Amino acid sequence: MEQARATSVPLPQVREQAAPLRLGTVLKYAVLLLALFLVLFPMYWLLNTSFKHRPEIFLSTPTFFPAQFTLENYRNLFATRNVGQFMLNSAIVVSLAVALSMAVGSLAAYSLARFRLPFGAEKHLGFWILTTRMIPAIVIVVPIYLMVRDAGLLNTHLGLALVYAAFNLPFVIWMMQSFFAEIPLDLEEAAMVDGDTRLTAFWRVVLPLAAPGLAATAIFSVITTYNEFLFALILTSTADAMTLPVGTSTLAGRIQASWGEMTAIAALAVLPIVIFALAVQRHLVRGLTMGAVK
């Protein structure tokens, strides 16, 4: 009997402690659902509008589902608006810019992580390189335009890719320096004892170990380059080199905007980034937890 009383006394206390936990869990999921709704509802409305006819878009009472489903907006984009060319231009420019910035930036970050500079400058140089990103782009757009023009690279994929690579470099160096610093130096020294040079040790040993960091840095660089608008607007003038953000802006006229086509092209513009993010999200999480990312 005494043992039964002893075991029955703590039960109300356990229940009292469990109730706040259940309430906290409910509140947590409620907040997460609210945040998810705020993020996803604009995307749903974008898709919803892209499948509507023009009269339905301008109804005073909004419709949450198309009354008459249509692909006319998407057909018009590819038939008359050069959207296929815009998407191809974006793919080429982003690929060139990210590949160039990752190649040069990784070497620069490795040198800052491994070599010592006078007065310990390597400890602060990465941050000072990053501060160049704090300069507003509009301040330097004129000299950038003049340099690209003098190089004969206006309205070309290469000219735009070089500008984007230069702007991505500070971020790549800052990110990759912390990842390289986490890799033990003993591994490189062992490879060099076996006959590797510094460069081959970097290629065979350091880069594979830093692959999650490379993936995380490349993801941010891709998103930043893909979304850039100002320099693409200034440095391109025809559909042969315009990227998707600039091509989207051409749908907004002086008198009226083609809202159906604008929502359709916005949906197409979001789709590659969503697919890319879902494909590499595992590498992104690994990369962000690998190094001392500030």
log₁₀ I(q)/I(0) of the range 81-288 at q = 0.14 Å⁻¹, via Debye over equal Cα point scatterers, no solvent, to two decimals?
-0.91
Indicate the helices, whole DSSP H runs only, in the chain that combine a mean Kyte-Doolittle hydropathy of -1.0 or more with a Cα extent along their long axis of 20 angstrom or more.
10-50, 83-114, 157-181, 211-227, 259-288
Taking neighbour Cβ counts within 10 Å as the exposure measure, how do LYS52, LYS28 sort from fewest upward?
LYS28, LYS52
Is it possible to state the helix-based mean residue ellipticity at 222 nm for the chain, with each DSSP H run of 4+ residues giving -39500 (n - 2.57), the sum divided by total residues, to the nearest 500 deg cm²/dmol? What is it?
-24000 deg cm²/dmol
Sequence-distant residues sharing a close amide H with SER258 (under 5 Å, placed H):
GLY253
Simple label model, 7 Å out from Cα along Cβ direction - LEU47 to PHE220, nm:
2.9 nm
Computed for the chain: size of charge dipole around the Cα centre, +1 on C-beta of each Lys and Arg, -1 on C-beta of each Asp and Glu, debye to nearest 20, value 580 debye
Over the range 136-237, calculate the relative contact order: mean separation of alpha carbon pairs under 8 Å at least 6 apart, over the residue count, as a percent.
45 percent
Just grab the label-to-label distance for LEU38 and THR70, each label 7 Å out from Cα along the Cβ direction, in nm (one decimal).
3.5 nm
If I take every Cα pair under 8 Å that is 6 or more residues apart in the chain, average their sequence separation and divide by the length, what percent do I get for the relative contact order?
27 percent
The orientation-averaged projected area of the Cα convex hull of the range 140-243, in nm², is 8.2 nm²
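Taken together, the values in this text are just the output of simple stated rules run on the coordinates, not laboratory data. Keep in mind that this is a model prediction, so the values were computed, not measured. Here the Cβ is made from the backbone with ideal geometry for all residues, glycine too, and neighbour counts use every protein chain on show.
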